[in-house]
Amino acid sequence: MVQRVTRLQALAAIVKNVDAVTKLINDIAQASGEQAQGVEQVNLAISQMDKVTQQNAAEAEESASAAEELSSQSKVLKETVGHLVALVEGRGSQIG
């Protein structure tokens, strides 16, 4: 009878430990799922930052091109104004 009680206690302890291990495994699985969601959110954020960075680079390139074009046009305008001033001042025949 004492042996039977000891066996029952041992089985009860095993069941209790199995329950504890099962709970730990479930907790780990839940934490892993939460981590996966976190990693997915980080990946999404990085993807969005990459997209914005590419857009900024394209806009910077367009701005540089526009600035070059404006610089070129301003030189032409400066020459044209110089010719116009010379004509108004009566130096039209001196314009090269």
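Only one of Gln73, Gln35 is over 32 Å from the mean Cα position of the chain (by Cα) and of a type in the set (S, T, N, Q); which?
Details: Gln35 fails: over 32 Å from the mean Cα position of the chain (by Cα).
Being over 32 Å from the mean Cα position of the chain (by Cα) and of a type in the set (S, T, N, Q) holds for just one of Gln73, Gln35, which is Gln73.
Restricting attention to the range 8-23, does a residue exist that is among the acidic types (Asp, Glu) and surrounded by 10 or more Cβ atoms within 10 Å (Cβ to Cβ)?
Within the range 8-23 (the criterion being among the acidic types (Asp, Glu) and surrounded by 10 or more Cβ atoms within 10 Å (Cβ to Cβ)), the answer is yes, since at least one residue qualifies.
What number of residues within the range 40-96 satisfy the criterion of being touching a helix residue (DSSP H, G or I) at 6+ places or on another chain (Cβ under 9 Å), among the hydrophobic types (A, V, I, L, M, F, W, C) and in a helix (DSSP H, G or I)?
Going through the range 40-96 one residue at a time, the tally reaches 1.
A short reminder: the numbers here are calculations on the coordinates, not readings from a lab. Given the structure is predicted, the values throughout are model-derived calculations rather than measurements. Here Cβ is always computed from backbone atoms with ideal geometry, including for glycine, and neighbour counts include all displayed protein chains.
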